[in-house]
Structures are given as C-alpha cells and as structure tokens.
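Read the structure below first, then the notes.
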Amino acid sequence: MASSIYQPEQAAKFLYRATFGPKSGDVDDFLQMGVEAWLDDQFTRNWRLHRPLAERYANASGDTLNENARLSAWWNRSLNAGDQLRQRVAYALSQIFVVSNSGGPNAEGLAEYYDVLLKHAFGNFRDLLEAVTLSPAMGKYLTLEGSRKANLDNNTFPDENYAREVMQLFSLGLWQLQNNGMPKLDSQGNKEPTYTQQDVEELARVLTGWRRDTYLKPMYADDRRHDFGEKRVLGQIFPEGQSPEQDLSQAMDLLFNHRNTPMFISILLIKRLTVSNPRRSYIQRVADVFKDNGQGIRGDMVAVIKAILLDQDVIDGKAMADHQAHGSNGRNFGKVKEPIIAMANLCRAFNVKSNDPDRWWDFAATQNNYGQAPLRAPSVFNFYEPDYAPKGEITDKQLTAPEFAILSMDSMRRISNRMWTMILAHDSTDVKHWSWNRRQFENRVNKPDEYIELLNERFFAGLMSTELAGFIRQMLDELTADNRNDDRKINDTLFAIQCSPEFRCQE
Amino acid sequence: MKLSRRHFLKGTAALGATSVAPALTGLNMAHANQDDYKALVCIFLFGGNDAYNMVIPTDDDAYQKYEQARRNLAIAQSDLVPLNIASDNGVKLGLHPSMASLKSAFAEDSATVIVNSGQLVEPIIGANTPNSRVPDFLMAHNLQQTMWQSGAENMNDKLGWAGRMVQDMNLSGSLSPLMSLNGEQKWLRNNHVEPLVMTSEGAGDYTGLNNSDRLGAMRRHFDEKYANLFADNYSTAMASRYYENDALEEVLTSVGDLDGFPQTGLGDMLHTTAKLIKVRNAASLQHNRQIFFVGLGGFDTHKDQAGTHAALLGQVSDALAAFYQEMKAQGLSDKVTAFTMSDFGRRIMANDSGTDHGWAGHQIVVGGAVKGGRAYGNWPDLTPGSEYDYNNGRLIPEIAADQVNATLANWFDYQGDLETLFPSLKMFPQNTLDFI
C-alpha cells in the first residue's frame, strides 16, 4: 500500500471507484488533501443514513415509508452525501449480502437494512456478518426469522435457507480456495467443495430460535424454538446445551475464521469497486490484509477497502491477462459501470437538484428503467453472478464482465432514455423531478475549446479521450454550419457524451 | 473408478465439440417450408417449485401417504383437480386446485406430467448400485439451475444446451431465434448467435434519437474501436441492442394484442412469446425454429408456503392455458411445445409453514404434439426411508432431466448426437422418452 496518487488523472480514476462519481472541483480538492488524508476524512465522516431520510420524505407526502421514498433517499444520499466512500461501499455490500423487496421485507425494513450495511461498512467483517445475520430484513428474506427446531410430531424440520446461503454467498463460497482466490484442486484435479449438505443441515439447527419483533432492531432469541442438542458443522462441535446466542456466536466465528472467507469476500469487493478481472496477486494482497491488517486484526474493513483502492495494480492499470494466465494486460483493466452508477455519475456531473423543497422523488421508476435498483435483485444471487461473461471476446478470453448481464435490449434503451430525460431536465419545474443549471454550458457552447474543456471536467474529471474531444468538436462545427441553436448544440453534444462507451465504462 | 469415468465423459464432450462440424440437418434449407416450423418454450419456475404440491395423487392409497408426509401442507383430496392421467405405475394424478385452468389441455390429451424427474448423472432408483454418483451441489439454487440449462455433466460449460443445439443446427434468422423474456440465461448461450434478451414489453423508442445528429453521434460510437476491453465490447453491445430493438419494434407493432392472456408477469411474457410466434415469418425474423425462455420467480417457499404457492401455480396455469389456446387459434398447437423446469423439487417434509430444498420434482409439458392421456414415470414411495428417500424427505429422481431435455431436442429435429449434447445420457438405458 505504498502507492500514492499525485496526478490528476489518477485522482479522477480513484474518485470514480471510491464515490458515485466526481463532482466539479472534486479532483482538485482531492489532490490538495492527498489520498491518505482524503481516506482518513472519509473513514471518520458521519454516517448519512437512509431510513430517517426516507421517513421524512414519506411524512412530507403523507405516505408510509414506501419504495418510492426509500429509493428517493437512496438517490439523494448517493448523489449528495459527504460520506461518499461509505455510501459506495455500502452499495457494494448490498450486492453481496443481498436482501430484496422481492419476497422480502417492506420498504422500511429495507431502508433499515441498508443503514446496517452503512454502519458496518468501515467496521469489522465479523460484526458485519453478525449484524446481517440478525437483521430482521435478512431474517425475513432468507427465512431465518421463525426457524424452529425439528418437531417430529408435526414432521417438520429447521429451515435451511440462511444456513446454506450464508456459507455459499456470504463467507466461504462453494469451493476451497487457494490464497490467490483460485480453486484448490485435489490430487485428481477436481475442485473440492467447502461444505456438505450435512453441514447445511447442522448449521440450520445451530441457527434455530431467532424471531423478529420490528424491522428496526435485531432479531431476538426464543429458547423454546432453539435446538439445544449437540451439532457438528465443518468439523467443529457445537456443544449440547448452548443458547441460541452462544450457538450463533460460535457459528459467526467459524465462518469468519474459515480460510476461504478472506479470498471469497475480497474478490467480490474488488469486482464491485475496481476491476472485473483482478490479477491473482492483487486478490492475494487484499486477502492477506483481510487476514491481518498489520496489527494482527482479521476482517478490518477499513484496511481491506484501502488495500482494494490503493493496490499498485490499480494505480498501474494492470489486470489479468487473457485466458486466466499470469502476467498482466492493460487493455483488460477496468469494468463496465452498472446502469445506476452511470446515471449517478451523470447526475453528479450535472450537480442535479430536487425541484421539491421537501423531498427527492425516486428518479422515474429506478427498477424498470435501469434493470436494477438497490435492494431489488431478482434473487439472492444478485442482478448478475460475479463470473458472468458476455458472448464473444470476453468469453473467448476467459475473462468476466458481470455488469453486462443486465445490459439487455430493453435496459440499454431505457438507460438511454433516462439519460436523455435528465439532459432535457435543465429547466424542469415538475415538482417530482430533478433539474440542473445549464448556465455554464450556455456561456461556453460557442467557444468550442472552453466548452469541450467543460465537458471533459464535468463528465470525465479530465479523462476524456482526444478522439472523443475531437469528435465533439467536429459535431459542434457541423451544428454551427447547420445554424442549429444553442439548445440543440448543448443537447446533442451531451447526448453524445453520455452514450460514449468511455462514459459508460470505468478504468 | 468414478473419477476416471467423469474424466472420460469430459474428454469425449470436449472432443465432440471440436471435431463435429455443425450438422447441416436440412433445417436451414427449409426456410421456405412453413409447415416445418417448431418452437420450444421453457417456463422456468425459479427458486425450486414444490412439485409434490403441484401434482398430487387422487387415489386413496397414494393420497394417504402424501397426506401423512405433508401433514399441515397437504392439499385436501376433495379440492384436487382430477386429470385423466395415471403414472406408469398406475397412480392416478390430479393438480393443485389453483391449476384448474389447465384441465382442458389435459382433457384434450395435449398435456402431460413427467413424474419425479430431476438432475441425475447416472441412474439411482432400480440401478442396484448403492454408490451411484450424485450431481454436484444438489440443493444449491444457482448450480442446479445451471444443470437444467446446460446438462447435468455440463456445469462448467459456458454454453447452454438450447444454445449448443441451435448452433449445431445452424439455425439463424435476421434476428436471433433464441429469445429470453426473462433476462440473460445460460440455456441460450452459444458461440454462434447471440440470444435476444427482452422484456415482455418487447421493444420501444430511443427518445433521444429523434434527430439525425444525435443518431449519427451514437452510431459513431458503434463504429469506433477502443483500446479498453470494456469500452470496446460495450460499443458492440450497444450497437447490437440498438439494431435488435429497431427491428423488433417494427415486427411487434405489426401484430396487435392477442386475446385471453392474463395480466400477470408470466401472462405478459407468454403473450409476447405468442406474438413473436405469430410474426415468425416477417422479413426481419424468418424463423422456422424458435426457442423461448420465460420464467417466474418466488418458488423458494421456505415459509408461509400455502398462499404463496397457490398464487404462483395459479399464475403458471392461467398463463400456460391461455398460451395453449392461442397456439390452437394460430393452428400451431402441435408445432409449439411448452414445458416447465425448476431448480429442484422441495423436500416432502415441511419447515413449519414452508418447505426446504429438495431434489426430484415433476414437470408439466403442454402442446398438441404431447402424447397425453397418461403421465410418464413412476409415482415414488413417499414413506420416510423408502428407496426414493435420499435424505430426510428429499426425493431421488427416477427420470433424468437430461432424458427429458433430449426428448425435447429430438422432437425439435435435432439431428446431432444426443450423447454429445447431454453426456450423462450414456449412463441411462434410454436417451429419450415417449412423451412427445
């Protein structure tokens, strides 16, 4: 983690990874502070929670806390909160510890769950895992809430849902891993499973007896429903007579200390924040920090996040070579932005404001228009699996680009339409909409050099390619030759900017 | 021994993929012959459908065993929808009461039930081999879904079986004949033609592209080459999605809404499917074979199952019944076969008010080509500890999903080697079944 960031270009790239996109002036501020001070500041900023804001929005319109209020709060916090790194990491965590409205808790429960992720984003992974496990929203979604010991009279058994997914998705993963995240192979060349069905059944017994009171506080133990017998999970004995709390605590320790957990979680966080195809050495460096932050502490999220954002591979722009080979490849560096991240980038570039003095409204049906929305995945496997690759070059090179999985014919069109709506919204007065101030653009649109400089600063934090700059310049010349008015010039060039692949991807 | 067999199977599969040239089956020559048309429609029930509460025995003996195993989750015998079918071992079958709308398709012998099917890599029931190998990660949703979509031995394959089949058959069209109305799906992946992924709303306008300058700007991005892998592939994807939308919008607006479809998620998907079938000969499609993926989530009913499951089954039944009626109206009932798949069946015993992940389930197949009037497969013994009891009420399938899938591929006139498409078939006495 010796690397540091002194160049504007590196600072811009860093801010795309660590926030919902740089706003005007952010790069200069960042360089003035220096990356260490910027990070320290972010790690110590106050939490900007979502549920209280969503509640305020609901009250302002006389509603209960519904999905519209919750997603409005998500947009406002993501676009405007000062604790950008925490907001960005919490969003990444929401795609690992997936809870969804689909078959899950109500909007209030979801908002509170997001706040649990925010609160633990910079804590210890052990506490995060326990907080997730005992959160009533997760209890509802993966049905741990209400799970009872077996009842032979009724022929019923403990619910295995959470026991299975906490191992498969939230800690160990399916396969035994090497330190660099590659599956371990046995002497016959086969991958080795991390757990068995028997482990699932036994862990389900361990986790019996938890119930929900409200969505606003962790689940509580009910001894009458708990299985007090001896259990054995992953080779470890859970002694007879342990309380639900004791059993749960031992289970959390077991999963937290499992040798797979650092690699499994590090890969997922890397893919959400920095690159789709990390080199194995990068994975190993991050996992090593997960195992020990340098002071003998395992699971220190602050150290892990720093390790992910400041790794030399990320600074140098190195990614995994083609065909999962060693070595590195600069072309393979980066990732596709998810639709709502691309939209958040655009809105921060515009510095959008809500037209309603009392609330932000959900930006036009987030789920329908972006193919995704926070805490609305179709299943616990998120909107896409971390190893998805689209057909063609990326598959052929055995690389991944998970975000491509939601870029369907339909979502590509709708994303384009929403961005266009945002471009047109500069003079919107619709109280349920957002708007932005176009004056700077109007002042410069007939001074091409200055205008392109403005576009570069606002939409790319200085990273716009010379090819795109040249193209926009040519566009302006042609629009001028055709006697188009300023409105057309601005609209057309902004449209061209937002749909450029370099705006929709991050390096 | 087991390991070497697995390696052998993997080795032959790989060899087959590289050494067998795409089979020119005559299908691609038959564009002009509209009678040759066929379509497969997969209805995926995401989350693991409790199939043992979807198809229920009506006979007293079998019903009592069911009721004994199910206790408070059992559907009352008097509420069952009786069908004119019995399993191979003579157990008369009925449907969950919320599925009454499918009764007429069964009465017309155009629907059947595949009894107790699931993921298998070799026979277990009746095989007299106590050490039979079982598939990896039974009861894990995503990996079991993967097996249904790629084949039991093909979990590590990047491609799906419908995709590989279409690739071998050299099927094409101006737009892909592989279509999902339910997101990107492994089932359709292949190396030949990209599946068309859409929602039930089909296609629509790019609102920003109502002038030539903006359209020109976007098209310039399509043609640009980028040094970065992601930007480069994004530009290609953006172009494909744009042109697909453009072509599809045109054909879909040429066909009006069809009658009789319920306004539910699945109803909307099957409605659009029926429209795409209706316009299959349009210039921008020219499909003489089509493959559709539609789906419905919510079947992971660990608790409060009764109401949830009834509503889900009702949605499946009503949408499927409407689809069957529409196919009859289009005169294509025997050219279009719809079938269900699900991650796995659920455990027979309950978790209090719900059910946990299991293994075997049943599938419903609907279409005029189906040999109805009977069900396929043996009704298993639901008693704890029976030969069907894998572990605490998780049932061992007797029919392999790959046998069912191979039967569908065969009906679709796939002329390639079924054992290459589904390597597990080598282990079974029959590659295909007789249900169609």
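A short reminder: the numbers here are calculations on the coordinates, not readings from a lab. Keep in mind it's a predicted model, so treat the numbers as computed, not measured. In this analysis, Cβ positions are derived from the backbone assuming ideal geometry, glycine residues included, and neighbour counts consider all displayed protein chains.
Got a sec? Which residues in segment B:334-353 would a label at B:Asn89 touch, if it sits 7 Å along Cα→Cβ and we count backbone N under 18 Å? B:348-349, by backbone N distance to the label point. Taking only the Cα atoms of chain B, the ratio Rg/Rh comes out at 0.98, with Rh defined as the Kirkwood radius.
Less than 5 angstrom separates the built amide H of B:Lys92 from those of B:Thr58, B:Asp59, B:Ser87, all sequence-distant by 5 or more or on a different chain. For the pair segment B:179-236 / segment A:69-104, the C-alpha centres are spaced 27 Å from each other. Couplings 3J(HN,Hα) of segment B:287-296, computed from phi: 9, 9, 9, 9, 10, 10, 10, 10, x, 9 Hz, in residue order, whole Hz [Karplus 6.51 cos²θ - 1.76 cosθ + 1.60, θ = phi - 60°; x for Gly and Pro]. Between A:Trp175 and A:Thr194, the built amide H atoms are under 5 Å apart, and every one of these is 5 or more places off in sequence or on another chain. Starting from the Kirkwood Rh over alpha-carbon pairs, what translational D in µm² s⁻¹ does chain A have by Stokes-Einstein at 37 °C and 0.692 mPa s? This corresponds to a translational diffusion coefficient of 136 µm²/s.
Among the lysines of segment A:336-506, pairs that are 8 or more positions apart or on different chains and have alpha carbons within less than 24 Å of each other number 6. Summarised as an ellipsoid, segment B:333-419 has semi-axes of 29, 14, 12 Å, derived from the eigenvalues of the Cα gyration tensor scaled by 5 and square-rooted, with the largest first.
Given in Å, the Rg to one decimal and the Dmax to the nearest whole number for the Cα atoms of segment A:336-506 are 17.6, 54.
Where the alpha-carbon atoms of the protein assembly as shown are placed on the principal axes, they occupy 85, 74, 60 Å, in descending order. Extending 7 Å from Cα along the Cβ direction at A:Asp430 and again at B:Asp417 yields two label points whose distance is 5.9 nm.
The H on the amide N of A:Gly229, modeled in the peptide plane, is under 5 Å from the matching H of A:Gly241, each at least 5 residues off or on a different chain.
Whole-Hz Karplus values for segment A:184-198 come out as 6, 10, 7, 5, 8, x, 9, 5, 10, x, 7, 8, 10, 4, 4 Hz, taken residue by residue from phi with 6.51 cos²θ - 1.76 cosθ + 1.60 and θ = phi - 60°; glycine and proline positions read x. Taking the charge dipole of chain A about its Cα centre, with +1 at Lys and Arg Cβ atoms and -1 at Asp and Glu Cβ atoms, the residue from A:Asn456, A:Leu177, A:Gln7 reaching farthest to the positive side is A:Asn456.
Within a straight-line Cα-Cα reach of under 13 Å, B:Lys186 can be paired with the following aspartates and glutamates, leaving aside sequence neighbours fewer than 8 residues apart in one chain: A:Glu385, A:Asp387, B:Asp157, B:Glu194.
Using a cut-off of 20 Å between Cα atoms, the listed pairs B:Lys275/B:Lys371; A:Lys13/A:Lys306; A:Lys231/A:Lys291; B:Lys65/B:Lys103; B:Lys38/B:Lys426 include B:Lys275/B:Lys371; A:Lys231/A:Lys291; B:Lys65/B:Lys103; B:Lys38/B:Lys426 as exceeding that distance. What spacing in nm lies between the two simple spin-label points modelled at A:Asn351 and B:Ala100, each 7 Å away from Cα in the Cβ direction? Spacing of the two 7 Å Cα→Cβ label points: 6.5 nm.
Relative contact order of chain B: 31 percent, from C-alpha pairs under 8 Å at least 6 residues apart in sequence. Taking 35 Å as R0, compute the FRET efficiency from the Cβ-Cβ separation of B:Glu387 and B:Arg71 and round it to 0.05. After rounding, the FRET efficiency stands at 0.95.
The phi-based Karplus calculation (6.51 cos²θ - 1.76 cosθ + 1.60; θ = phi - 60°) puts the 3J(HN,Hα) values of segment A:6-23 at 10, 8, x, 5, 5, 4, 4, 4, 4, 5, 5, 7, 9, 9, 7, x, x, 8 Hz, whole numbers, x for Gly and Pro. Averaging the Cα positions of each part gives two centres, and for segment B:83-107 and segment B:45-80 these lie 13 Å apart.
For segment A:98-169, the spread of Cα positions along the three principal axes, ordered from largest to smallest, is 46, 26, 17 Å. When chain B is treated as a Gaussian network with alpha carbon springs shorter than 10 Å, the biggest mean-square fluctuation among B:Asn392, B:Asn228, B:Asn351 belongs to B:Asn228. For segment A:45-103, the convex hull spanned by the alpha carbon atoms encloses 84 Å³ per residue.
For segment A:41-149, the list of trypsin sites (Lys or Arg not before Pro) that fall in a loop by DSSP and count at most 14 other C-beta atoms within 10 angstrom is empty. Residue order for A:Lys23, B:Lys426, fewest other beta carbons within 10 angstrom first, comes to B:Lys426, A:Lys23.
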